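The values are calculated or read from the model by the stated rules, or taken from the named source; none is laboratory data. Small disclaimer: the values here were computed from a predicted structure and weren't measured. Glycine gets a Cβ as well: all are built from the backbone with ideal geometry, and neighbour counts include every protein chain shown. SASA here: full protein model, heavy atoms, side chains in, ligands and nucleic acids out. Shrake-Rupley method; radii C 1.70, N 1.55, O 1.52, S 1.80 Å.
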Amino acid sequence: MSDTILILGACGQIGTELTQKLRSIYGKDNVIASDIREGNAEMMSAGPFEIIDATNQEQILGVIQKYKVNQVYLMAAMLSATAEKYPLKGWDLNMTSLLAVLELAKEKHIEKVYWPSSMAAFGPTSPKMNTPQQTIMEPSTVYGISKVAGEHWCNYYHDKYGVDVRSIRYPGIISWKTLPGGGTTDYAVDIYFDALEKGTFECFLSENTRLPMMYMDDAINATIQLMQADEESIKTRTSYNLAAISFTPKEIAEEIKKYIPNFTITYNPDFRQAIADSWPQVIDDSAARKDWGWRHQFDLASMTKDIITSLQAKAEESAEV
Ligand code: AKB
(Lines give C-alpha, C1' and ligand atoms only; values in the text may rest on other atoms or scores of the structure.)
Protein backbone atom coordinates (compact mmCIF):
# COMPACT_ATOMS: atom_id res chain seq x y z
CA MET A 1 0.00 0.00 0.00
CA SER A 2 1.32 3.47 -0.84
CA ASP A 3 1.61 6.00 1.96
CA THR A 4 -0.89 8.80 2.51
CA ILE A 5 0.24 11.31 5.10
CA LEU A 6 -1.65 13.80 7.27
CA ILE A 7 0.30 16.69 8.81
CA LEU A 8 -1.31 18.37 11.82
CA GLY A 9 0.09 21.87 12.35
CA ALA A 10 1.29 22.16 8.74
CA CYS A 11 1.47 25.97 8.79
CA GLY A 12 4.03 26.19 11.59
CA GLN A 13 7.79 26.69 11.31
CA ILE A 14 8.65 23.00 10.82
CA GLY A 15 5.29 21.91 9.39
CA THR A 16 5.56 24.23 6.37
CA GLU A 17 8.89 22.88 5.15
CA LEU A 18 8.05 19.32 6.15
CA THR A 19 4.89 19.48 4.03
CA GLN A 20 6.85 20.72 1.01
CA LYS A 21 9.50 18.02 1.36
CA LEU A 22 7.03 15.19 1.94
CA ARG A 23 5.04 16.32 -1.12
CA SER A 24 8.19 16.21 -3.24
CA ILE A 25 8.77 12.61 -2.09
CA TYR A 26 5.25 11.13 -1.89
CA GLY A 27 3.38 13.32 -4.41
CA LYS A 28 1.26 16.35 -3.57
CA ASP A 29 -2.07 14.51 -3.42
CA ASN A 30 -0.69 11.98 -0.93
CA VAL A 31 0.23 14.60 1.67
CA ILE A 32 -2.70 16.30 3.38
CA ALA A 33 -1.76 19.55 5.11
CA SER A 34 -3.92 20.73 8.01
CA ASP A 35 -3.95 23.45 10.62
CA ILE A 36 -6.40 25.21 12.88
CA ARG A 37 -6.65 28.03 10.34
CA GLU A 38 -5.90 28.51 6.66
CA GLY A 39 -2.28 28.87 5.58
CA ASN A 40 -0.70 31.31 3.13
CA ALA A 41 -1.58 31.29 -0.58
CA GLU A 42 1.25 28.89 -1.41
CA MET A 43 0.18 26.39 1.25
CA MET A 44 -3.48 26.58 0.19
CA SER A 45 -2.76 26.03 -3.50
CA ALA A 46 0.05 23.45 -3.33
CA GLY A 47 -2.09 20.40 -2.43
CA PRO A 48 -4.96 19.19 -0.23
CA PHE A 49 -5.58 21.28 2.90
CA GLU A 50 -8.05 20.71 5.75
CA ILE A 51 -8.93 22.80 8.80
CA ILE A 52 -8.31 20.60 11.86
CA ASP A 53 -8.09 21.40 15.56
CA ALA A 54 -5.37 18.93 16.58
CA THR A 55 -7.05 18.38 19.97
CA ASN A 56 -10.27 17.17 18.28
CA GLN A 57 -9.99 13.40 17.77
CA GLU A 58 -13.19 13.17 15.72
CA GLN A 59 -12.07 15.86 13.29
CA ILE A 60 -8.74 14.09 12.81
CA LEU A 61 -10.50 10.75 12.25
CA GLY A 62 -12.84 12.32 9.67
CA VAL A 63 -9.89 13.47 7.57
CA ILE A 64 -8.04 10.16 8.02
CA GLN A 65 -11.08 8.33 6.64
CA LYS A 66 -11.73 10.86 3.86
CA TYR A 67 -8.24 10.47 2.38
CA LYS A 68 -7.37 6.93 3.62
CA VAL A 69 -4.44 8.32 5.59
CA ASN A 70 -2.00 5.78 7.06
CA GLN A 71 0.63 8.09 8.66
CA VAL A 72 0.23 11.18 10.86
CA TYR A 73 2.89 13.78 11.64
CA LEU A 74 1.68 15.74 14.68
CA MET A 75 3.49 19.11 14.45
CA ALA A 76 0.94 21.29 16.32
CA ALA A 77 2.38 22.47 19.65
CA MET A 78 2.76 25.43 21.97
CA LEU A 79 6.48 26.21 22.42
CA SER A 80 8.44 26.97 25.57
CA ALA A 81 8.09 30.75 26.00
CA THR A 82 4.37 30.93 25.14
CA ALA A 83 3.56 27.91 27.30
CA GLU A 84 5.14 29.69 30.30
CA LYS A 85 2.55 32.45 29.77
CA TYR A 86 -0.39 30.05 29.25
CA PRO A 87 0.57 26.90 31.20
CA LEU A 88 -2.77 25.08 31.09
CA LYS A 89 -3.40 25.93 27.44
CA GLY A 90 0.11 24.70 26.59
CA TRP A 91 -0.41 21.46 28.49
CA ASP A 92 -3.84 20.93 26.91
CA LEU A 93 -2.71 21.49 23.31
CA ASN A 94 0.50 19.46 23.65
CA MET A 95 -1.05 16.51 25.53
CA THR A 96 -4.60 16.27 24.16
CA SER A 97 -3.39 16.29 20.56
CA LEU A 98 -0.83 13.56 21.25
CA LEU A 99 -3.27 11.31 23.09
CA ALA A 100 -5.87 11.80 20.33
CA VAL A 101 -3.41 10.62 17.67
CA LEU A 102 -2.05 7.75 19.79
CA GLU A 103 -5.62 6.54 20.41
CA LEU A 104 -6.34 6.60 16.66
CA ALA A 105 -3.19 4.54 16.08
CA LYS A 106 -4.17 2.13 18.86
CA GLU A 107 -7.57 1.68 17.15
CA LYS A 108 -5.66 0.90 13.90
CA HIS A 109 -6.97 3.91 11.97
CA ILE A 110 -3.33 4.73 11.13
CA GLU A 111 -0.13 2.69 10.98
CA LYS A 112 2.59 5.16 11.92
CA VAL A 113 2.88 8.34 14.00
CA TYR A 114 5.55 11.03 14.19
CA TRP A 115 5.61 13.28 17.25
CA PRO A 116 8.33 15.83 18.04
CA SER A 117 9.84 16.04 21.48
CA SER A 118 12.48 18.65 22.35
CA MET A 119 15.70 19.23 24.24
CA ALA A 120 13.32 21.06 26.60
CA ALA A 121 12.52 17.63 28.05
CA PHE A 122 15.82 18.04 29.93
CA GLY A 123 16.08 20.36 32.92
CA PRO A 124 18.49 22.06 35.30
CA THR A 125 19.57 18.76 36.90
CA SER A 126 20.43 17.08 33.56
CA PRO A 127 24.11 17.10 32.53
CA LYS A 128 24.69 20.20 30.35
CA MET A 129 27.60 18.89 28.29
CA ASN A 130 27.11 15.87 26.02
CA THR A 131 23.67 15.32 27.54
CA PRO A 132 23.13 11.55 27.18
CA GLN A 133 20.16 9.81 25.59
CA GLN A 134 19.17 8.46 29.01
CA THR A 135 19.77 10.69 32.01
CA ILE A 136 17.99 12.72 34.70
CA MET A 137 15.02 14.54 33.16
CA GLU A 138 13.42 17.06 35.51
CA PRO A 139 12.27 19.95 33.26
CA SER A 140 11.38 23.28 34.85
CA THR A 141 9.05 24.51 32.08
CA VAL A 142 5.47 23.55 31.18
CA TYR A 143 6.61 22.80 27.65
CA GLY A 144 9.37 20.52 28.98
CA ILE A 145 6.95 18.74 31.32
CA SER A 146 4.60 18.12 28.39
CA LYS A 147 7.50 16.74 26.34
CA VAL A 148 8.70 14.30 29.04
CA ALA A 149 5.13 13.14 29.69
CA GLY A 150 4.51 12.84 25.94
CA GLU A 151 7.65 10.77 25.47
CA HIS A 152 6.46 8.32 28.11
CA TRP A 153 3.00 8.13 26.52
CA CYS A 154 4.64 7.28 23.18
CA ASN A 155 6.69 4.54 24.81
CA TYR A 156 3.62 3.24 26.65
CA TYR A 157 1.46 3.03 23.50
CA HIS A 158 4.30 1.29 21.69
CA ASP A 159 4.95 -1.28 24.43
CA LYS A 160 1.35 -1.87 25.44
CA TYR A 161 -0.52 -1.59 22.12
CA GLY A 162 2.20 -2.01 19.48
CA VAL A 163 1.76 1.55 18.14
CA ASP A 164 4.58 2.46 15.71
CA VAL A 165 5.30 5.94 17.06
CA ARG A 166 8.64 7.63 16.39
CA SER A 167 10.07 10.78 17.90
CA ILE A 168 13.04 13.16 17.97
CA ARG A 169 14.13 15.61 20.67
CA TYR A 170 14.70 18.65 18.44
CA PRO A 171 17.27 21.25 19.41
CA GLY A 172 16.49 24.88 18.39
CA ILE A 173 15.52 24.81 14.70
CA ILE A 174 16.75 27.65 12.49
CA SER A 175 14.95 28.53 9.27
CA TRP A 176 14.26 31.49 7.00
CA LYS A 177 11.14 30.44 5.02
CA THR A 178 8.65 30.35 7.91
CA LEU A 179 9.28 32.07 11.22
CA PRO A 180 9.04 30.24 14.54
CA GLY A 181 6.71 31.57 17.23
CA GLY A 182 6.91 31.42 20.99
CA GLY A 183 10.20 29.54 21.43
CA THR A 184 13.31 30.36 23.46
CA THR A 185 15.62 29.57 20.55
CA ASP A 186 13.75 31.97 18.19
CA TYR A 187 16.45 34.60 18.64
CA ALA A 188 18.70 32.58 16.31
CA VAL A 189 16.16 33.11 13.49
CA ASP A 190 15.23 36.74 14.29
CA ILE A 191 18.90 37.76 14.32
CA TYR A 192 19.30 37.10 10.56
CA PHE A 193 16.22 39.16 9.65
CA ASP A 194 17.21 42.10 11.84
CA ALA A 195 20.84 41.95 10.66
CA LEU A 196 19.73 42.29 7.03
CA GLU A 197 16.89 44.77 7.59
CA LYS A 198 18.25 46.98 10.40
CA GLY A 199 21.95 46.12 10.79
CA THR A 200 21.40 45.64 14.53
CA PHE A 201 19.75 43.13 16.87
CA GLU A 202 18.68 43.19 20.52
CA CYS A 203 19.04 39.67 21.91
CA PHE A 204 16.77 38.37 24.70
CA LEU A 205 19.48 35.93 25.82
CA SER A 206 22.89 36.84 27.23
CA GLU A 207 25.94 36.72 24.98
CA ASN A 208 27.43 33.45 26.28
CA THR A 209 24.24 31.36 26.41
CA ARG A 210 25.23 28.20 24.55
CA LEU A 211 22.35 26.12 23.14
CA PRO A 212 22.07 23.15 20.77
CA MET A 213 20.73 24.23 17.36
CA MET A 214 20.11 22.80 13.88
CA TYR A 215 19.39 24.13 10.40
CA MET A 216 15.90 23.32 9.10
CA ASP A 217 17.18 21.22 6.17
CA ASP A 218 18.90 18.86 8.62
CA ALA A 219 15.84 18.69 10.89
CA ILE A 220 13.54 17.80 7.97
CA ASN A 221 15.94 15.16 6.66
CA ALA A 222 16.25 13.60 10.14
CA THR A 223 12.49 13.50 10.58
CA ILE A 224 11.83 11.77 7.26
CA GLN A 225 14.82 9.44 7.69
CA LEU A 226 13.50 8.31 11.08
CA MET A 227 10.01 7.72 9.66
CA GLN A 228 11.42 5.72 6.73
CA ALA A 229 13.79 3.62 8.87
CA ASP A 230 13.11 -0.11 9.28
CA GLU A 231 10.98 -0.76 12.35
CA GLU A 232 13.64 -3.09 13.83
CA SER A 233 16.27 -0.32 13.79
CA ILE A 234 14.19 1.91 16.10
CA LYS A 235 15.40 1.00 19.58
CA THR A 236 14.10 4.08 21.41
CA ARG A 237 10.37 4.67 21.65
CA THR A 238 10.48 7.62 24.02
CA SER A 239 12.41 10.04 21.77
CA TYR A 240 15.86 10.25 20.18
CA ASN A 241 18.42 12.92 21.10
CA LEU A 242 19.36 14.84 17.94
CA ALA A 243 22.23 17.32 17.56
CA ALA A 244 24.13 19.29 14.96
CA ILE A 245 25.69 22.52 16.26
CA SER A 246 25.88 24.43 19.53
CA PHE A 247 26.63 28.15 19.64
CA THR A 248 26.11 31.33 21.67
CA PRO A 249 24.50 34.62 20.56
CA LYS A 250 27.99 36.14 20.44
CA GLU A 251 29.27 33.40 18.13
CA ILE A 252 26.35 33.65 15.68
CA ALA A 253 26.76 37.44 15.63
CA GLU A 254 30.47 37.02 14.74
CA GLU A 255 29.50 34.72 11.86
CA ILE A 256 26.92 37.24 10.57
CA LYS A 257 29.54 40.01 10.69
CA LYS A 258 31.50 38.14 8.00
CA TYR A 259 28.67 39.14 5.59
CA ILE A 260 27.48 42.37 7.25
CA PRO A 261 30.63 43.92 8.78
CA ASN A 262 28.77 46.82 10.47
CA PHE A 263 26.26 44.52 12.21
CA THR A 264 25.89 45.21 15.94
CA ILE A 265 24.25 43.18 18.70
CA THR A 266 23.07 44.25 22.17
CA TYR A 267 21.90 42.00 25.01
CA ASN A 268 18.77 42.48 27.09
CA PRO A 269 17.94 39.10 28.72
CA ASP A 270 14.30 38.57 29.73
CA PHE A 271 12.32 35.64 31.23
CA ARG A 272 13.54 33.37 28.44
CA GLN A 273 17.07 33.46 29.90
CA ALA A 274 15.98 31.21 32.79
CA ILE A 275 14.45 28.76 30.30
CA ALA A 276 17.65 28.66 28.25
CA ASP A 277 19.77 28.25 31.39
CA SER A 278 17.79 25.13 32.31
CA TRP A 279 18.57 23.39 28.98
CA PRO A 280 21.59 21.39 27.72
CA GLN A 281 24.46 23.15 25.96
CA VAL A 282 25.72 20.22 23.89
CA ILE A 283 23.74 17.03 23.22
CA ASP A 284 25.01 13.50 22.65
CA ASP A 285 23.03 12.02 19.75
CA SER A 286 25.13 8.89 19.22
CA ALA A 287 22.08 6.59 19.61
CA ALA A 288 20.33 8.22 16.59
CA ARG A 289 23.57 8.03 14.60
CA LYS A 290 24.02 4.34 15.44
CA ASP A 291 20.41 3.10 15.22
CA TRP A 292 19.16 4.75 12.02
CA GLY A 293 22.20 6.42 10.51
CA TRP A 294 21.55 10.10 11.32
CA ARG A 295 24.22 12.57 10.06
CA HIS A 296 23.95 16.36 10.00
CA GLN A 297 25.21 18.45 7.08
CA PHE A 298 25.17 22.09 8.18
CA ASP A 299 27.52 23.82 10.64
CA LEU A 300 27.25 27.45 11.79
CA ALA A 301 29.27 28.76 8.82
CA SER A 302 27.43 26.87 6.06
CA MET A 303 24.03 27.57 7.64
CA THR A 304 24.75 31.31 7.90
CA LYS A 305 25.92 31.46 4.28
CA ASP A 306 22.79 29.66 3.09
CA ILE A 307 20.39 31.85 5.11
CA ILE A 308 21.99 35.17 4.21
CA THR A 309 22.27 34.42 0.51
CA SER A 310 18.69 33.07 0.42
CA LEU A 311 17.26 36.09 2.22
CA GLN A 312 19.23 38.50 0.01
CA ALA A 313 17.98 36.73 -3.13
CA LYS A 314 14.40 36.88 -1.81
CA ALA A 315 14.72 40.62 -1.10
CA GLU A 316 16.07 41.24 -4.63
CA GLU A 317 13.19 39.26 -6.15
CA SER A 318 10.55 41.26 -4.27
CA ALA A 319 12.31 44.55 -5.17
CA GLU A 320 12.02 43.62 -8.86
CA VAL A 321 8.27 42.87 -8.67
C1 AKB B 1 11.67 26.32 21.91
O2 AKB B 1 12.57 27.17 21.99
O3 AKB B 1 10.70 26.28 22.68
C4 AKB B 1 11.77 25.26 20.84
C5 AKB B 1 12.40 24.01 21.37
C6 AKB B 1 13.80 24.01 21.80
O7 AKB B 1 11.76 22.99 21.42
N8 AKB B 1 12.52 25.75 19.74
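Annotations
- Computed with the Debye formula from one identical point scatterer per Cα of the stretch 237-277, without solvent, the log10 of I(q)/I(0) at q = 0.18, 0.21, 0.30, 0.32 Å⁻¹ comes to -0.74, -0.85, -1.04, -1.07.
- Extension gain for the segment E197 to A149, taken as residue separation times 0.36 nm less the Cα-Cα distance, is 13.2 nm to one decimal.
- Charge context of A195, other residues only, Cβ under 13 angstrom, K/R +1, D/E -1: -3
- Listed by chain and number, the aspartates and glutamates whose alpha-carbon sits under 13 Å from that of K250, ignoring those within fewer than 8 places in the same chain, are E202, E207.
- Inter-probe distance in nm under a simple model that places probes 7 Å from Cα toward Cβ, at A229 and K250: 3.6
- Relative packing of 263-270, 167-174, which averages over residues the other C-beta atoms within 10 Å, highest first: 167-174, 263-270
- Spin-label pair L99/D190, simplified geometry with 7 Å Cα→Cβ offset, distance in nm: 3.4
- Share of alpha-carbon pairs per 10 Å distance bin for the stretch 164-321, given as whole %: 10, 37, 32, 16, 5, 0
- I51-I260 pseudo-label distance in nm [points 7 Å out on the Cα-to-Cβ vector]: 3.8
- Whole-Hz ³J(HN,Hα) from phi, Karplus 6.51 cos²θ - 1.76 cosθ + 1.60, for the stretch 176-183, glycine and proline x: 10, 7, 10, 7, x, x, x, x
- Cα lying deepest toward the dipole's positive end in the stretch 41-180, options V72, V142, I168, charges on Cβ: I168
- Cross-link partners of K305 among aspartates and glutamates (Cα-Cα below 14 Å; sequence separation of 8 or more within a chain): D217, E254, E255
- Principal axis box of the stretch 183-256, alpha-carbon based, largest edge first, Å: 49, 22, 20
- Taking the centroid of alpha carbons for each part, the stretch 32-108 and the stretch 293-321 are 29 Å apart.
- Lys, Arg +1 and Asp, Glu -1 on Cβ, resulting dipole of the stretch 158-285 about Cα centre, debye, nearest 20: 100
- Volume per residue that the Cα convex hull of the stretch 261-321 spans, once the total is divided by residue count, Å³: 188
- Note on K235: lysines with a C-alpha under 20 Å away, same-chain residues under 8 apart excluded, are K106, K112, K147, K160, K290.
- Within the chain, DSSP assigns beta bridges of which about 10% are antiparallel (rounded to the nearest 5).
- Fraction in percent of alpha-carbon pairs per bin - 5 Å, the stretch 65-147: 3, 14, 21, 18, 16, 15, 9, 3, 1, 0
- Axis angle, to the nearest 10 degrees, between helix 216-228 and the longest C-alpha principal axis of the chain: 20 degrees.
- What the Cα atoms of the chain give is an Rg and a Dmax of 19.2, 58 Å.
- Accessible surface computed residue by residue for the chain, with neighbouring protein chains in place and a 1.4 Å probe, gives 43 Å² per residue.
- Cα-based Rg / Dmax (Å) for the stretch 1-68: 11.0, 31
- Modelled FRET efficiency - R0 30 Å, S206 with K177, Cβ distances, 0.05 increments: 0.60
- Accessible surface of the chain [probe 1.4 Å, protein heavy atoms]: carbon and sulfur percent: 50
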